[in-house]
Amino acid sequence: MKLGVMAALFAGRTLEDTLAYCAESGLDAIEIPVGSYPGAPFFDPAKVLGSTKEQNRIKSLVADHGLEISGLAVHGNPVHPTGRLARADHNAFERAVKLAPKLGTDVVITFSGCPGGSKVDRTPNWVTCAWPPDFADILKYQWDEVLVPYWAKQAKLCRKHGVRVAWEAHPGFCAYNPDTLIRLSERSMKASGLKGKPILGANLDPSHFFWQGIDPVEAARVLGEAGLLFYVHAKDTELNPHQGRINGYNDARPYTDLAQRSWNFRTCGWGHGHDFWKPFVSMLRVQGYDHVLSIEHEDALMSIEEGLQRAIEFLTEAIIFEPPATPWWT
């Protein structure tokens, strides 16, 4: 297993400086943002897609620093009920799918998206409970008329380009836990008519599961058994039990309100220790995941440099694994 970084935190630096910093920090891989919410801080994806020279330049830069591109990130909402916004995020996603194999990766990390509650809505509508009956109607519309048809079509595009989609299960979007990830993948793959291994799977980010009351170790097991464990973000969350006992953990207060929120993103190890991270890494291995832990830094209490370096040191201990030369059971 390797360590990498989701490179949105390096916005404002050049790709060359970013790669040098990652190499000096002992990382193995870099996840490059190419549009939508993270933006595209290092290059214009459309121009690179149309230029073999630029593609080769980027691949050479990455290789010269002893790194690999673990995936392309394009976290958007391509099923947004406002057509202009949906088209922009869809176009960014489609470019990422076409660009990924040209840069040497087969993973595109994104969100499932969230439509409106009906054809006339202009804003997304995330349903969080089964009653009143209006919500069941909303879910039927979102899944049957928008999500499944959209992702069935994208599955065909991805199969054509040899790319897998890793949905990040994020509240606010329709795939936010293992159940919705698995159902959306199964239904969309079936609707696409494609056979073989799934193309639509998961980016497992434990930070979003902690405050939903989900055990990320069990989530890794379930997603692995479903064959959908495509990618992993390494980000931690610190729960505030005082606020949680009073208001629960579904907290829409601003991320800047650190003292009052029931949870906050933290650097790996500062929300949960090795009593979580080592079993989590072990479960990933049991399920056959041997790709990258991509560090995503969003800790408001640490600078980029401090947070990233502490995460690297902490996770390095979690992923060290030296199998015995002669297993005791042989």
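The values are calculated or read from the model by the stated rules, or taken from the named source; none is laboratory data. Keep in mind it's a predicted model, so treat the numbers as computed, not measured. We place every Cβ from the backbone using ideal geometry, glycine too, and count neighbours over all the protein chains shown. Note: areas computed on protein heavy atoms with side chains; ligands, DNA, RNA excluded. Shrake-Rupley method; radii C 1.70, N 1.55, O 1.52, S 1.80 Å.
Here are a few things to note about the model shown:
- Criterion: within 16 Å of V163 (Cβ to Cβ), in a strand (DSSP E or B) and touching a helix residue (DSSP H, G or I) at 6+ places or on another chain (Cβ under 8 Å) - qualifying residue of V108, V97: V108
- In the range 15-35, the count of residues that are in contact (Cβ under 8 Å) with a residue 12 or more places away in the chain, within 23 Å of H161 (Cα to Cα), assigned to a loop (DSSP other than H, G, I, E, B) and under 20 Å from the mean Cα position of the chain (by Cα) is one or more.
- Residues in the range 125-148 that are within 22 Å of the chain's Cα centre (by Cα) and open to solvent by 60 Å² or more (accessible area, probe 1.4 Å) were compared, and the one that is modelled with the lowest pLDDT is T128.
- Residue in the range 174-198 that is least open to solvent (accessible area, probe 1.4 Å), counting only those that are outside any helix (DSSP H, G or I) and under 13 Å from G227 (Cα atoms): P198
- Criterion (open to solvent by 30 Å² or more (accessible area, probe 1.4 Å) and in contact with a strand residue (DSSP E or B) (Cβ under 9 Å, 6 or more places away or on another chain)) met by exactly one of A40, A29: A40
- Residues in the range 299-327 that are open to solvent by less than 70 Å² (accessible area, probe 1.4 Å), modelled with pLDDT of 95 or more and not hydrophobic (A, V, I, L, M, F, W, C): D299, S303, G307, Q309, T316.
- Count of the range 45-83 residues which are open to solvent by 30 Å² or more (accessible area, probe 1.4 Å), assigned to a loop (DSSP other than H, G, I, E, B), in contact (Cβ under 8 Å) with a residue 40 or more places away in the chain and of a type in the set (G, A, S): 1
- Scanning the range 288-297 for residues that are of a type in the set (D, E) and crowded, with 19+ Cβ neighbours inside 10 Å yields a single hit, E296.
- Boolean, Q154 is at pLDDT 95 or above, out of contact with any strand residue (DSSP E or B) (no Cβ under 6 Å at 6 or more places or on another chain), within 20 Å of A86 (Cβ to Cβ) and polar (S, T, N, Q): yes
- Residue within the range 280-287 that is over 21 Å from G71 (Cα atoms), open to solvent by less than 20 Å² (accessible area, probe 1.4 Å) and among the small types (G, A, S) present: no
- Verdict on M6 being under 21 Å from Y231 (Cα atoms), buried (at least 18 other Cβ atoms within 10 Å of the Cβ) and in contact with a strand residue (DSSP E or B) (Cβ under 9 Å, 6 or more places away or on another chain): yes
- Only one of the listed residues (N240, N250) is polar (S, T, N, Q) and buried (at least 18 other Cβ atoms within 10 Å of the Cβ). That residue is N240.
- Any chance A175 is modelled with pLDDT under 95 and farther than 30 Å from V48 by Cα: no
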